[in-house]
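Here's the structure, in structure tokens; my notes come after.
The values are calculated or read from the model by the stated rules, or taken from the named source; none is laboratory data. Quick caveat: nothing in here was measured; it's all calculated off a predicted structure. Neighbour counts are summed over all protein chains in view; Cβ atoms, including those assigned to glycine, are modelled from backbone coordinates with ideal geometry. For accessibility, only protein heavy atoms count, side chains too; no ligands or nucleic acids. Shrake-Rupley method; radii C 1.70, N 1.55, O 1.52, S 1.80 Å.
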Amino acid sequence: MEKFSLTDIRKKNYADVYHFIYQEKRISKQQIANALQMSLPTVTQHLTALSNDGLIEKNGLIASNIGRKAAAYRIKPTAKIAVGVEILTSRITIVILDLYGQVISRTTQPLLFAQDDAYFSSLAQIIHHQLEACQIQPEQVLGVDIGMQGLVSENGHEMLYGKILDCTGLTVDRFETHLHYPCRFVHDAECAAALELWNSPDLTDALYLSLGSHLGGAVISDGKIKTGRTGRTGTFEHMTLVEGGKTCYCGKQGCMECYCSASSLLEEDETLDQFFSALRQNSASHRARWTEYLNWLAMALNNLHMVLDSWIILGGHIAPFLTENDLEQLFSLIQERTAFPENENFLRLGVQEKDVVAIGAAIPFIQEYLASI
């Protein structure tokens, strides 16, 4: 039988009180005692400790049916913060999240990617200025997670494959030298999938497909993102869709990237806003392109659904433009192709929020911190 020391019990009670306040958002001492079946002196002891550690604070009063109003407690959402960064070829997006995963600051700025000190210094300066503007002290910062287009090592310290940004072999210490905070790389599609899990904690199994300028994917299994033996799980974009087809940036031919990414849908210098504006106005040429795109996407999604019979979540730059009719049309095309038709539409749209990659990048630092208490 496992034995617990008095210190172990105190640590557990300390954590239980913190997490209950976190969950309830705003709660009184008596409500904590009732819910956790602790004595009021014990709850008071841990509230004092949490307050002294700077993790909780009083927040007004809560009405009571008996006697005077009770003091309300809440966690300090900015006791710790996490920074999420999305790096693209010509711009960066930076967000600062509090412990509830809420964005307290965001910025998108042009910055041409280059593997030199000038780039890393410029990025660090932007992050430092953003933290200063939010009056964030260095001890509040959990770390900086960086969403990248490419495959990342298991520990997040190296880019194993970065063909789009030409950054294969880049190590995270190039950033840490200028930032002075813990930094990690995260595959951009996994960032978006992490945000899905954060917003839908009951989600257990799903395939996430990011229909961005470049295609990306992630596999969610048992409520976790699977990276695989060599970190390549979810790289749907390089599955062969057409033998001998269009040439992909990876150097192979016929990849899903060439037929299902946003770039494959658009003509040169055309934006998604322009395309979908013309499409919704029933432009014949745009309708023809859209139909062709949906047919390729249906073929790809049917193949993926055969591997993992689960929800398929569609995210990325195209997702905000998709309507219920688009999803129904796409599902009908899958049904025409599949060997196993079914009644329930297993397609759903991902989180419709700006900067999902940058936000999702920062989520792991918050999760790790909460789990450490």
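Below is a table of values for the structure above.
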| quantity | calculated |
| --- | --- |
| Flag if residue 161 is in contact (Cβ under 8 Å) with a residue 60 or more places away in the chain and on the phi < 0 side of the Ramachandran plot | no |
| Residues being surrounded by fewer than 21 Cβ atoms within 10 Å (Cβ to Cβ) and under 16 Å from residue 96 (Cβ atoms) - total across the stretch 330-365 | 3 |
| Among (1) within 29 Å of the chain's Cα centre (by Cα); (2) open to solvent by 30 Å² or more (accessible area, probe 1.4 Å); (3) at pLDDT 95 or above, the one test that residue 300 misses | (2) |
| Any hit, the stretch 209-217, residues being within 23 Å of residue 327 (Cα to Cα) and either in a helix (DSSP H, G or I) or among the aromatic types (Phe, Trp, Tyr) (or both) | no |
| So residue 371, is it of a type in the set (Gly, Ala, Ser), assigned to a helix (DSSP H, G or I) and exposed (fewer than 13 other Cβ atoms within 10 Å of the Cβ) | yes |
| Matching residues in the stretch 135-150 - criterion: being part of a loop (DSSP other than H, G, I, E, B) and either charged (D, E, K, R) or touching a residue at least 40 places away in the same chain (Cβ under 8 Å) (or both) | 136, 149 |
| Index of the failed condition, residue 130 passing every other in (1) outside any loop (DSSP other than H, G, I, E, B); (2) within 30 Å of residue 230 (Cα to Cα) | (2) |
| Residue selected from the stretch 221-254 under the condition touching a residue at least 24 places away in the same chain (Cβ under 8 Å) and touching a helix residue (DSSP H, G or I) at 6+ places or on another chain (Cβ under 6 Å), by the criterion least open to solvent (accessible area, probe 1.4 Å) | 237 |
| Residue 105, sole failed condition from (1) modelled with pLDDT of 95 or more; (2) of a type outside the set (A, V, I, L, M); (3) crowded, with 17+ Cβ neighbours inside 10 Å | (3) |
| Qualifying positions in the stretch 311-329 - touching a residue at least 24 places away in the same chain (Cβ under 8 Å) and open to solvent by less than 40 Å² (accessible area, probe 1.4 Å) | 312, 313, 314, 315, 316, 318, 319, 322, 326 |
| Boolean, residue 120 is open to solvent by less than 50 Å² (accessible area, probe 1.4 Å) and under 24 Å from residue 98 (Cβ atoms) | no |
| Condition check for residue 156: under 22 Å from the mean Cα position of the chain (by Cα) and at positive phi | yes |
| Pair list, Cβ under 8 Å, 6 or more apart: the stretch 274-294 residue assigned to a helix (DSSP H, G or I), other residue open to solvent by less than 50 Å² (accessible area, probe 1.4 Å) and of a type in the set (D, E, K, R) | 275/289; 294/326 |
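To keep it simple, each residue is scored yes or no on (1) of a type in the set (Phe, Trp, Tyr); (2) over 27 Å from residue 123 (Cα atoms); (3) touching a strand residue (DSSP E or B) at 6+ places or on another chain (Cβ under 9 Å).
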residue	(1), (2), (3)
184	no, no, yes
188	no, no, yes
206	no, yes, yes
211	no, no, yes
215	no, no, yes
223	no, yes, no
245	no, yes, yes
248	no, yes, yes
253	no, yes, yes
